[in-house]
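Nothing in this text is a laboratory measurement; each read-out follows from the coordinates by a stated rule. Owing to the predicted nature of the structure, the values given are computational and were not obtained by experimental measurement. FYI the Cβ positions are ideal-geometry reconstructions off the backbone, even for glycines, and counts take in every protein chain you see.
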Amino acid sequence: MSRPNEKSKIIEHYNVVSPYYQSLWGEHLHHGYWIHGNESRETAQLQLVEHLARRANVRPGSEVLDIGCGFGASSLYLARNYGVNATGINISPIQVEMANRAARKANLDVKFLLMDAESMQFSQTFDLLWSVESISHYHDPQKFFASAVRFLKPGGIFALTDWFRKENLTPAEQKKFIEPIEKGMFVELRTMEDYADFLTAGGLRIVHRQVLTPNCAKTWDLGLEIIKEKSFWALAAQHGTDFVTYLKGFQAMRAGYGSGNFVYGLFVAKMPEAAESND
């Protein structure tokens, strides 16, 4: 049975639409975080990165792995503003190419690699694993977390935001509010409690957990405006039913927020120091 987050569909989708995303959505391929409510989308997107970075206590010189890096904007922001050494990975060749181009243009020593997050291979470990709205695309998040912590140094931090479904949904709520999001956005939504279990099972201690839903909902008011652009619908005409379902997913996201059945959440978790793990 086909899954909404089939990797081949995700790669094809992002390879096709990424140039359009960048021109209409901006450098940051993720939600905004509104503090006052009147910020621009671009400011709100930067505020999301900054909010996660502060919660993660990002330090200069840290080795950072940006997992599911999009156009690379988070990595470039952290390198420029926090002085980290960043590496980003992505399964879309087009997005990797766009990210490396952006790094060259910014004259920043940040590298972006074509790599599946569910089969990562590195010869080094990192001070910070960073993931913004990527893990819900994965087929087996539990296995991903168990594997990812192998690349985290003692005392290192795993900082993430992602999309979730509310706890204890009825089958009717799941069908009405969550399934259209999953089909349209190529994701499978878990609960925040699921991620908490996956993180702790990997030996991490959760140091911060936060629901950001009220601060991020405006993203999809703006998203519904953006998809009125004729260029998106021209793409839909070229690329068929999957793309039309994706555009309908924008409406599903707004409905999920409005109903309270969709949750936008943040986690920061810490790997024990070497001495702690030996106790």
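Tabulated data for the structure shown
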read-out	value
The chain - mean residue ellipticity at 222 nm from DSSP helices (-39,500 (n - 2.57) per run, n ≥ 4, rounded to 500)	-14000 deg cm²/dmol
Packing-based exposure ordering (other Cβ within 10 Å, fewest first) of 109, 127, 162, 116	109, 116, 127, 162
Zone residues, region 241-258, relative to residue 225, backbone N less than 20 Å from point 7 Å out along Cα-to-Cβ	247-258
Highest-fluctuation residue, 237, 159, 217 considered, GNM on the chain with Cα pairs under 10 Å	237
31, 13 arranged by Cβ crowding within 10 Å, fewest neighbours leading	13, 31
Rounded tilt (10° steps) of 230-239 against the dominant C-alpha axis of the chain	90 degrees
Percent of alpha-carbon pairs separated by more than 24 Å within region 135-279	42 percent
Choice from 115, 185, 253 showing the highest fluctuation, given a GNM over the chain with Cα pairs closer than 10 Å	115
The chain: mean projected area of Cα convex hull, nm²	14.7 nm²
Percent RCO, i.e. relative contact order, over the chain, from Cα pairs under 8 Å lying at least 6 residues apart	21 percent
As computed over region 1-86, the Cα convex hull volume per residue (Å³)	132 Å³
Sequence-separation-based contact order of region 115-228, relative, with Cα cut under 8 Å and 6+ spacing, percent	27 percent
Global form of region 66-177, assessed from the alpha-carbon gyration tensor, a/c cut-off 1.5	prolate
Separation between Cα centres of region 12-88 and region 172-223, rounded to whole Å	18 Å
Candidates per GluC sites (Glu not before Pro) in region 171-251, loop by DSSP, up to 15 other Cβ within 10 Å	229
